[in-house]
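Note sheet for the following structure.
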Amino acid sequence: MRKWVNGTAIRVGFALGAIVVFVGRSSQAQPLFPASDAPAGYLVFPKVVVDATGSPAAAKRDTFIQLTNTSRQSPNRVVHCFYIDGSTCDELLNFSIELPLGRPVAWSVNEGLPSAGILALAKDPFVGELKCIEVDTITNEVPVTVNDLKGEATIFTVTAGNPGGVDIRSYNAIGLQTTTVSAGATPSPIGKKCIFGAHPGVACTGTDDTPCLPGGQCGVTMCLGSSAGSPECPTANYVSCPNTLILNNFFDFATDPVSGKEIRTELTFVPCTEDIADGRVPAITRVQFLIFNEFEQRTSTATQVECFKEVQLSNIDAKPGSEAASVFNVGVQGTLVGQTRIRPVQVSDPAPTVGHGLLAIAEEFHGPASVAANLNQVGINQGKGDFVRYIPLLP
């Protein structure tokens, strides 16, 4: 079944619709929101998992990442990536690679790709996210005003034994497009700014921290939307994060009408704001859920997200073992499927001019089989942009 609402395709079923809203496909008509089906200058992979050290009979997991440079114009593109540990909120590893024109590069998160300069992840097990930014050079690592990147993540679960099994699910990276790019334009760095200290947002160059003193440092601030009153992000250089995420879902413990398997859904949330420069834990964001069943009856609940959260739907409002009381339980709702609208709300923030945007993916499990998908998006928070902040390597 398909229903079209404001140009967004909404699909209910085993394969959740990985559909987003966008305007046009040329570099002059930028998407309104982050997009999973269009090239971008900044990619977010919300869920990356590695678990290769279990017992022989245990299920082992790994994630394969594919990055593609969609451009066919010289020179090759350079990408700088960060792994963020979901348990500590800290950067675990970063690297830069060169992507050839019109070609993909793929690697196992557990093993890396040494020939391309991608190191193996030195933590097992690991659950977290990956962020990749299109930058000017491997040594300077400053974002550029161009949208060439496309990415996919594939999670493999291998179960040993007789019989064993392999389950594979894949989703598209969420891309945030630069807002200053134009058709035929030569990529140019967005520039460095002072971070921390007494002069936030003041332009700086190279490794010269003088304009940022006292207490400041020359770094990169990527503005995802603009923030009213913010010295660092008065204007946007990337699209804003959405105001609302939309999930079309089976209710937990529903029975698949085809296979007869029990169904459950998991969500993984990551914040749009990421302060990689000092590893500061993001402010807490309260997340409100508005749930509609097939009779259009409405229920609601809420949770909190700090830096990374993966949760089964029926554990959002119920502890493990008490899922029968959850508003996401099929017995409570009385219908197989529904729609969940997810909206982040500010709770506490040391910098109130910064937005509390969230990005997410869904994973739907039908017994031992699974599928991953991107969520739909609507609305933006005017005057409440997010930011990503980091210190490039010294040239």
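The values are calculated or read from the model by the stated rules, or taken from the named source; none is laboratory data. Quick caveat, the model's predicted, so the values are computed rather than measured. Note that each Cβ is placed from the backbone with ideal geometry, even for glycine, and that neighbours are counted across all protein chains shown. Accessible surface areas use protein heavy atoms only, side chains included; no ligands, DNA or RNA. Shrake-Rupley method; radii C 1.70, N 1.55, O 1.52, S 1.80 Å.
Values for this structure:
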{"quantity": "Label-point gap, in nm, between residue 196 and residue 119 - each point 7 angstrom along Cα→Cβ", "calculated": "2.1"}
{"quantity": "Mean separation of Cα contacts under 8 Å (6+ apart) over length of the range 157-232, as relative contact order %", "calculated": "21"}
{"quantity": "Sulfur and carbon atoms: percent of accessible area, the range 142-270 [1.4 Å]", "calculated": "55"}
{"quantity": "Rounded to whole Hz, the Karplus (6.51, -1.76, 1.60) HN-Hα couplings of the range 119-132, x for glycine and proline", "calculated": "7, 5, 6, 8, 7, 8, x, 9, 9, x, 10, 10, 10, 10"}
{"quantity": "Descending semi-axes in whole angstrom, ellipsoid equivalent of the chain, from the Cα gyration tensor", "calculated": "35, 24, 20"}
{"quantity": "Dipole of the chain, positive end: most advanced residue of 224, 380, 268 [Cβ charges, Cα centre]", "calculated": "380"}
{"quantity": "Efficiency of FRET between residue 53 and residue 94 - r from beta-carbon atoms, R0 41 angstrom, step 0.05", "calculated": "0.95"}
{"quantity": "Ellipticity estimate at 222 nm from DSSP helix runs (n ≥ 4, -39,500 (n - 2.57)) divided over the chain, nearest 500", "calculated": "0 deg cm²/dmol"}
{"quantity": "For the range 249-265, Karplus couplings with θ = phi - 60° (6.51, -1.76, 1.60), whole Hz, Gly/Pro x", "calculated": "9, 6, 7, 4, 6, 5, 9, 4, x, 9, 8, x, 7, 6, 10, 9, 10"}
{"quantity": "Listed peptides 112-118, 90-96 by packing density, highest first (mean Cβ within 10 Å)", "calculated": "90-96, 112-118"}
{"quantity": "Length-normalised contact order of the chain in % [C-alpha pairs under 8 Å, at least 6 apart]", "calculated": "19"}
{"quantity": "Normalised contact order of the range 215-338, rounded percent, pairs of Cα under 8 Å and 6 or more residues apart", "calculated": "23"}
{"quantity": "Solvent-accessible area of residue 152 with every protein chain in place, 1.4 Å probe, in Å² to the nearest 10", "calculated": "40"}
{"quantity": "Solvent-accessible area per residue for the range 118-229 (1.4 angstrom probe, square angstrom)", "calculated": "38"}
